Structures are given as C-alpha cells and as structure tokens.
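S.K.: Provided herewith is a single structure, encoded as structure tokens, for subsequent inquiry.
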Amino acid sequence: MFARSVSKRSFLHRVQRAAAMAMVTLAGSTAALASSDWSSVASTGAADEACAGKISLSGQEASLLSSDSAISSCTLRYQVVDTWSGNGIVYGVGLRARFLDNGLSSKVTAVLKAYNTSTGTITTVQTLNSDYYPASSTYQNSGTPPCLNLDFQTNSYWVEVVVSRTAATGAPRIAALRIEGCLI
C-alpha cells in the first residue's frame, strides 16, 4: 500500500513539474514574441497600381524590371504591426533596411509614416535614403538614427518604399525592412 501511494505521489509530482515547465516555456515564448522587432521581406509589399509591369516581387526582393524604361520608379507599402509589448506604446526603435543601390542612377527610399486615427493627419516619422550611403554592387544594411517611440494607441504605421532609377544602369533593390530596438 505504501509503495503504491509513493508511486502516486511520484506520478503527481512529475505531472505537476511537467505542467510548470510547460507554463514557463509558454510564458517565455509569449514574452519573446511580445518584445520582438517588426520585420518584412520586400517581396511582401503592396505595390501601387502604377507599378504594373515595372516591378518584380521575387524571393525576398523587390526590384525594378530591366525590361522597363531606363527612367522608372515604383512605390511599395508595408503595414507595421505592434509586435513589441501589445500595450500600444513602443519605446526606442529605429528603421533599418537591406537594400542595393549600385550608383548615381539608383535610389531606394524607405519612409516610416504614421496615420493619426483620430485626426487623419499623416506624419513622416523617419526616412532612410540610400543616397546617403556609398554606392555598392552588393546589398548593405543600414539604419536611421535617432531612436524614436511609436504609439499604436493613437497611430497606424506603415513603411513606404520607393525604388527608382534615372538610367538603364540603375539597379535599385530592396530585400528587407526592420523596425528594431536601438539605444536611446
């Protein structure tokens, strides 16, 4: 009888321990998700209707088609959602992008915008311009200082990206966008 009750206790103890570990794992996963940065691959952007026949959304990239005219541009939009705390206020974040700008005839501009849901006012929050960085035939990762705060209780946010070229040699591309924590 005694051996049986020890066995029951041991079994109950193991079940309680497994349940506690599951709760810790679940809480840890939820906390990690709540504090995670927002990111998007470029091919998921919503392109303006005027971009039809000008833009390629392939793999993770968005790029202008080489078959289009030498002078061309396209605007893509990416909705930003609160992946941080869930309480609507995000402190100390900045916009980063992975882009390719191969020279004077290429340009990638990423603009974080806010739409105030009460007043209807649209505000430019932060801008990243590839012309502020050295031209490169390979992708580069760059961000925009300073750190800023986002208020999802008052605003809806999106990133507007324009890829453009002024000559046939221009090959602007965007691969990814991030809004991530930074030091204040």
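The values are calculated or read from the model by the stated rules, or taken from the named source; none is laboratory data. Computed from a prediction, not measured in an experiment: that's the story for all the values here. Every residue, glycine as well, gets a Cβ built from its backbone with ideal geometry; the counts of neighbours run over all protein chains shown.
S.K.: Somewhere in segment 112-124, is a residue outside any loop (DSSP other than H, G, I, E, B), assigned by TED's automatic domain parsing to the domain that holds Ser58 and under 17 Å from Ala62 (Cα atoms)?
M.R.: Taking every residue of segment 112-124 in turn, none turns out to be outside any loop (DSSP other than H, G, I, E, B), assigned by TED's automatic domain parsing to the domain that holds Ser58 and under 17 Å from Ala62 (Cα atoms).
S.K.: Oh, and also: So, of the residues in segment 109-157 that are among the aromatic types (Phe, Trp, Tyr) and free of Cβ contacts under 8 Å to residues at least 60 places away in the same chain, which turns out to be nearest to Arg77 (Cα to Cα)?
M.R.: Checking each candidate, the answer is Tyr115.
S.K.: Here's a follow-up. Quick check on my filter: what residues within segment 102-161 are farther than 23 Å from Leu64 by Cβ, surrounded by 13 or more Cβ atoms within 10 Å (Cβ to Cβ) and among the small types (Gly, Ala, Ser)?
M.R.: Ala114, Gly143, Ser156
S.K.: Sticking with this one: Taking Thr121 and the conditions (1) under 13 Å from the mean Cα position of the chain (by Cα); (2) modelled with pLDDT of 95 or more, which numbered condition does it fall short on, given that it satisfies the others?
M.R.: (1)
S.K.: I would also like to ask the following. Can you tell me which residue is farthest from Val125 (Cα to Cα) among those in segment 44-103 that are at pLDDT 95 or above and among the aromatic types (Phe, Trp, Tyr)?
M.R.: Phe99
S.K.: Look at Lys107 and say whether it is within 16 Å of the chain's Cα centre (by Cα), of a type in the set (D, E, K, R) and in a strand (DSSP E or B).
M.R.: no
S.K.: Against the definition (at pLDDT below 95 and either polar (S, T, N, Q) or outside the structural domain of Ser105 (by TED's automatic domain parsing) (or both)), how does Ser156 come out, yes or no?
M.R.: no
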